[in-house]
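Here's the structure we're looking at; comments come further down.
Derivation of every value follows stated rules applied to the coordinates shown; laboratory data play no part. What you see is a predicted model, and the numbers here were worked out from it, not measured in a lab. Cβ: placed from backbone, ideal geometry, glycine included. Neighbour counts: every protein chain shown.
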Amino acid sequence: MLVSSWVIAFFSLCIFSFLYKNNPFYKFAIHVILGLMVGYMFVQQVVIGLSTSFFSPILLELGESSPDWWNLVIQRIIPFVIASLIFTLLIPGRQWMKNIPLGLVLGYGMGLMMVTSLESNVFVQLRKTLQPATSVFASGSFFRDRWPQWAQFVPMLSLSVVVALTLLYQFRMRLPQIKTVIYAALLIFIISLTDSLVILIGVMTVLSYFFFSFERDGLVEEVSRVGLTFMMVYFGAVFGSTLMTRMQIFIGQVDFLTAKWIMGTIRAFGGT
Amino acid sequence: MWGKLLSFNTKYIYLTVAVIVTLAVIFKVPLTPNPSGPTNSLFDHVESLQEGDGIWFFLDTRPATEAIHKPQMQAFLHHCFSKDIKVIGFNPLVAEASGMGRSIIEEIAIKYDKKEYVDWVYMGFTPAGISVFSAMNRDINEVYTTDVTGKPFAEIPVAQEFRKYSDIGLAITFAGLKTPGYWVQYAQTRYNFPLASGVTGPMIPDQFPFLNADQMVGMMGDILGAAEYEGLLRKNGYQDQGFASSSMFAQTVVHYVLIIVIVLANVATYMVNRQGQRDRKARAAARARLDGGME
């Protein structure tokens, strides 16, 4: 445990030394880490992969009193043979055979992707984007996340107040106070639409930014600038979150160096 | 003065950040942020699960993000084990995560006296590629014949109990790559099961379309999400201080320092550019006067 702490600490400090300047310790550490990663991935993907998906199931099946030969051939042997055809790439004149496994993998991937990506990334999300006007009364309200549960009725209530008082004002009561109440209720209703409106405006303006069918000028240019602003807000959010992530990785490493490496070493040599 | 500020050696900024982080990490001042909507939803969903229910988690990340995903997983597993929920872990999409998962579950499981193979198991990696999404809807035994320790599937009771999406109460992906989108696209939309994510910072904005479209039940966003989850656990009497909450103090201080640096650098750039423009104008005017005099 102590030895592994020292090894990790050594490589951490080697990597951090790059902040001062590029140096041989940094280069050594980066090459060791890359080499380890490739070696580890090879073992996981090829050795363990072959063992768990091919050799172990075959040996298990063969260990049975009556092995299911049909299942063994269909599920293990034929896929293995087809997958092995990828190595025909190395045999002159037989390279065309590599297209069989590649075609199978690509065909399977494309077939799966075409159906699911439309449904999950287009239809489901489009449905949610296109229903701001109705969702404001149910779930998309400005009040939903920020106010208590009862406030979900605020949009419907404020709109009802606006309609009812406007009718009253038009037909019977022409009092100035009613006008104030109508404006207040209208304001509350517009605020309750904020989330949905922001989403709608964001989607339309960002789409207009990527509209290249004709030259953008005049109003379209102005609208696309609003879209650009929306994108800059998004990139800003990503930058801020990235900063948090990078800093947390650093914090985790500093915690290791102080709590586990230094304190662990002190404890191992009889300190408290 | 502004010009000098722009030519300031960045090594001093690195040194300042390093000193601040070291002090904050040593003193471990806890900070609990208010829980956000996605973290609350995830917590509420786990709360709604019953004793004996099962969850799957997918470790779709590399060891580089351990400082983020370990606190997220620790908080999440504390919640699961304290409610006697059974846990099965996988890393079917990223081979490098194989060495991380088991040790993290084991560390928490020991505290709740949970037994490996009975209450939890870590299945590890399978080189099945995208076929894993549909195989897991039929039977995980199709793609996993042993767990990460080499134990045969037939000898793992907890894996036999929760064999497909419809058997589980929640699947959560702890992701440092773009994999939550794959889980939504290839698995959740087709097979309709509760899915959540624990992601790194740059991926947080990408999750909101899924959350808003109810394709995910909740999310833990970076270390902030983990700290929020720890806060919710404390509030509900599940767990004491965790690493995420104590990291938030260092995060906050460093963020303030960096905001000050960014603002100062922008102001300095603006002032230097303005001074440059003034100088250029003055030179142009002088040249014009000179040219006029010569004429």
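The ratio of the alpha-carbon radius of gyration of the stretch B:177-257 to the globular-protein estimate 2.2 N^0.38 Å is 1.27. Converting phi to 3J(HN,Hα) with the Karplus coefficients 6.51, -1.76 and 1.60 and the offset θ = phi - 60°, the stretch A:23-40 yields 8, x, 5, 4, 4, 4, 4, 5, 5, 5, 5, 5, x, 4, 5, 5, x, 5 Hz in sequence order, with x at every glycine or proline.
Per residue of peptide A:47-57, the mean number of Cβ atoms on other chains within 10 Å of the residue Cβ is 4.
Please order B:V19, B:V87, A:V223, B:V257 by the number of other Cβ within 10 Å, starting at the fewest. Can you show the working numbers first?
Details: B:V19 10, B:V87 23, A:V223 18, B:V257 15.
Starting with the residue having the fewest Cβ neighbours, the order is B:V19, B:V257, A:V223, B:V87.
At a 10 Å Cβ-Cβ cut-off, how would you order A:S84, B:S246, A:S192, fewest neighbours first? The partial results should precede the final answer.
Numbers: A:S84 11, B:S246 21, A:S192 26.
Ordered by Cβ neighbours within 10 Å, fewest first: A:S84, B:S246, A:S192.
Exposure here means at most 15 other Cβ atoms within 10 Å; with trypsin sites (Lys or Arg not before Pro) in a DSSP loop as sites, the longest stretch of chain A lacking them is A:175-272. Per-residue mean of foreign Cβ neighbours for B:210-218 is 3 (Cβ atoms of other chains, 10 Å radius). By the beta-carbon count within 10 Å of each Cβ, the least crowded to most crowded order of B:L211, B:L59, A:L59, A:L72, fewest first, is A:L59, A:L72, B:L211, B:L59.
Would you work out if the stretch A:1-44 is rounded, prolate or oblate? Take a ≥ b ≥ c from the square roots of the eigenvalues of the alpha-carbon gyration tensor; rounded if a/c is under 1.5, else prolate when a/b is larger than b/c, oblate otherwise.
On the way: a/c = 3.41, a/b = 1.33, b/c = 2.55.
Oblate shape, in that a/c is at least 1.5 and b/c is the bigger or equal ratio.
Shape verdict for the stretch B:13-120, please, from the Cα gyration tensor: rounded (a/c under 1.5), prolate (a/b greater than b/c) or oblate. Prolate shape, in that a/c is at least 1.5 and a/b is the bigger ratio.
Scanning chain A for GluC sites (Glu not before Pro) that sit in a DSSP loop and have at most 10 other Cβ atoms within 10 Å, the longest stretch containing none of them is A:65-214.
For chain B, a Gaussian network of Cα nodes joined below 10 Å ranks B:I168, B:I223, B:I262 by mean-square fluctuation, and the top entry is B:I262. Computed extension gain for A:T258 through A:W70, at 0.36 nm per residue and net of the alpha carbon distance, reaches 61.8 nm.
Entry for the stretch B:31-240 at q = 0.09, 0.11, 0.16, 0.18 Å⁻¹: log10 I(q)/I(0) = -0.29, -0.44, -1.01, -1.34, Debye formula applied to identical alpha-carbon scatterers, no solvent contribution. Pairs B:K111/B:K235; B:K115/B:K164; A:K27/B:K11; B:K70/B:K114; A:K260/B:K111; B:K28/B:K114: which are spaced more than 27 Å apart, C-alpha to C-alpha? Going by Cα-Cα distance, B:K28/B:K114 fall outside the 27 Å limit. In degrees, nearest 10, range 0 to 90: what is the angle between the Cα axis of helix B:66-82 and the longest Cα principal axis of chain B? Relative to chain B, helix B:66-82 is tipped by roughly 40 degrees.
Can you tell me the mean projection area, over all orientations, of the convex hull of the protein assembly as shown's alpha carbons? Units nm², please.
44.5
Taken as Cα centroids, the stretch A:16-56 and the stretch B:133-149 sit 26 Å apart, rounded to the nearest whole angstrom. For B:F57, the amide hydrogen comes within under 5 Å of the amide hydrogens of B:I88, B:G89, B:F90, B:I172, counting only partners 5 or more places away or on other chains and with H modelled in the peptide plane.
Taking a ≥ b ≥ c as the square roots of the Cα gyration tensor eigenvalues, chain A comes out prolate, since a/c reaches at least 1.5 and a/b is larger than b/c. Counting, for every residue in B:59-70, the Cβ atoms of other protein chains within 10 Å of its Cβ and taking the mean gives 3. Result for chain A in a Gaussian network model with C-alpha springs under 10 Å: among A:F212, A:F256, A:F54, the largest mean-square fluctuation is at A:F212.
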